[in-house]
Amino acid sequence: MSVARESSAVSDNFTARSVIVVVIVFLAAHVALLVGVTAPEKFYFDEVHYVPAARQMLEPVMPRPMFNQMHPPLAKQLMALSIRIFGDVPLGWRYPSVLFGSLAIVAIYLCGLALFAARGPALASALLAFFNQMVFVQSRIAMLDIFALAFGLLAIAAFIRGFRKPRPHVWLALAGFAFGLSTACKWSGLFALAVCIVIVAVIRLMQSWRTQFADGNADDWYQPGLWPDFRYYHFAACFVLIPAIVYLATFVPLYGLSQPDILEAQRKIFNDNTTTAIAGHTYMSAWPSWPFLVRPVWYLFDKIGDDRIAAVVFLGNPFVLWPALPALGVCLRDWIVMRRADPFLILSFYFGPWLAWAMLPRTLGFIYYYLPSATVASLALVYVLRRGNSPRWLLWAFVAIAFAGFAVMLPISAASVGTSMETFGRLMIFRNWI
């Protein structure tokens with residue numbers, strides 16, 4: 001067998017096994033997220049905004065005024081489809097979140113596979129993202145964030161895959177397509193798209209300056225010969241035209257091809273997202289506090305017995321997110337000192353979607369806005385734990401610790417589990433968590 005043919009056979013085998021692992025990851029996440037998803041059997045937290053908006057979309061004629069015009073329609077359209085299939089019941093409201101939560105875990109696996117080129121670290125990335133608690137909680141409530149996250153992570157995975165290729169056109173076009181879908185769920189999908197635009201623009205600028213590293217190597221984040229055939233019109237198509245067409249197409253079922261109505265919808269979204277409609281909120285928090293888990297959001301706190309409560313808190317697993325902070329520091333060191341591409345990409349997609357909130361004029365913020373960055377943080381942990389000569393068991397020992405933290409938090413992560421006031425008191429380590 002020739003070397004080329006042997007290489008092709010290995011590549012095909014790797015792809016086939018990867019597809020099998022993707023299916024297993026999806027099914028495992030799907031089953032785990034689906035258990036007990038119908039509790040509580042009533043609206044909780046922001047479901048009161050999004051489910052009625054989805055119900056409207058099932059009307060023969062779209063009523064006026066439309067509910068929840070401050071966000072694009074795609075996630076609510078998917079909820080409406082689920083309600084039509086499963087009925088106007090908790091499963092119908094929340095099943096799309098379960099589905100896209102499972103896809104988000106698959107997407108972070110694909111990000112890990114693109115970064116580390118190995119299934120073990122990619123699987124560890126997916127498990128850490130699941131045990132992080134944030135994806136779990138957000139996948140079991142009828143809100144928009146998990147839809148934007150899933151599409152955004154799929155786009156990031158495609159971008160990372162294309163980043164390493166001399167002809168990235170197809171991968172970057174796929175990234176643009178997925179970014180369009182992410183933005184069609186929530187405008188925060190624009191943040192990761194902006195990161196990609198900045199990365200490509202900076203690399204092209206450095207190439208135009210004929211920048212070279214004196215001791216350049218294959219692991220450098222910047223390569224003078226990167227993407228030789230990727231022209232400015234390819235850039236415009238992948239990161240402007242394709243996302244814009246995909247995004248605007250999701251408004252057609254609501255407004256037809258009426259340009260004035262579609263443009264007016266964009267104006268309303270812009271106005272609502274650049275001003276603070278609510279002066280304050282019990283669980284609001286500022287963006288600098290999110291990585292430190294200073295102020296969670298209680299989605300549900302119901303008394304269901306003499307000493308039993310059903311509780312759902314969006315907090316994040318401290319056993320994952322606190323260690324992620326020094327891991328990000330190591331990534332920063334490796335990018336600056338060693339110029340490595342892996343930590344550069346991880347840092348870009350962690351800091352970009354997080355720090356974007358610092359530039360918005362609205363003062364109302366919540367820790368669930370940190371969801372995309374917190375999910376990407378699992379990649380930083382895997383990068384550090386497999387760095388250098390670190391033993392393989394170290395990574396899996398950390399995954400086990402993350403699982404332990406997730407299990408401890410399960411009584412306040414899933415309403416179907418329930419807990420006692422005593423357990424609740426033990427879990428609330430800090431007063432500002434209550």
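Okay, here's what the table says:
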quantity	calculated
Options Ala122, Leu144, Val200, ranked by Cα towards positive dipole end of region 75-207, top entry (Cβ charges)	Val200
Arg231 accessible area, 1.4 Å probe, all protein chains in place, Å² to nearest 10	110 Å²
Simple label model, 7 Å out from Cα along Cβ direction - Ser416 to Phe301, nm	2.5 nm
Convex hull per residue volume in Å³, alpha carbons only, for region 278-434	117 Å³
Unit charges on C-beta of K, R, D, E only; dipole of the chain, Debye	600 debye
Mean accessible surface per residue for the chain, computed with a 1.4 Å probe while every protein chain stays in place, in Å²	44 Å²
Listed residue (Ile156, Ala29, Phe251) projecting farthest to the positive dipole end of the chain, Cβ model	Ile156
Separation of the Ala194 and Arg431 label points, Cα + 7 Å toward Cβ, nm	3.7 nm
Where Phe131, Phe43 fall by accessible area, highest first, once all protein chains stay in place (1.4 Å)	Phe43, Phe131
Long-range amide H partners of Leu300 with built H, under 5 Å	Val312
Semi-axis lengths (Å, descending) of the ellipsoid that matches the C-alpha gyration tensor of region 168-251	29, 12, 10
Simple Cβ-charge dipole of region 137-271, Lys/Arg +1 and Asp/Glu -1, about Cα centre, in debye nearest 20	100 debye
Under the span-like rule (Cα at least 24 Å along the axis, Kyte-Doolittle mean at least 1.0), DSSP H helices of the chain	3-34, 90-116, 145-163, 189-208, 318-338, 392-409
Extension gain, Asp272 back to Leu91 (0.36 nm per residue minus Cα-Cα distance, nm)	62.2 nm
Farthest toward positive dipole pole in region 285-358 [+1 Lys/Arg, -1 Asp/Glu at C-beta], among Trp357, Tyr299, Gly329	Gly329
Value of relative contact order over the chain, rounded to a whole percent, pairs C-alpha under 8 Å and six or more apart	18 percent
Isotropic mean projected area of the C-alpha convex hull, the chain (nm²)	23.6 nm²
10 Å-binned pair-distance histogram of region 311-397 (Cα, whole percent)	16, 44, 29, 10, 2
For region 1-156, diffusion coefficient by Stokes-Einstein and Kirkwood Rh (Cα), 37 °C, 0.692 mPa s, µm²/s	193 µm²/s
Dipole magnitude of region 284-391 about its Cα centre (Cβ charges: Lys, Arg +1; Asp, Glu -1), debye to nearest 20	360 debye
List Arg431, Arg333, ordered by accessible area with a 1.4 Å probe, largest first	Arg431, Arg333
Too-long pairs where the Cα-Cα distance tops 32 Å, listed order kept, from Lys165/Lys268; Lys42/Lys186; Lys76/Lys165	Lys165/Lys268; Lys76/Lys165
Portion, in percent, of the accessible area of the chain that falls on carbon or sulfur, probe 1.4 Å	67 percent
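The values are calculated or read from the model by the stated rules, or taken from the named source; none is laboratory data. Since the model is a prediction, treat every value here as computed from it, not as a measurement. Glycine gets a Cβ as well: all are built from the backbone with ideal geometry, and neighbour counts include every protein chain shown. We work out accessible area using only protein heavy atoms, side chains counted, and drop any ligands, DNA or RNA first. Shrake-Rupley method; radii C 1.70, N 1.55, O 1.52, S 1.80 Å.
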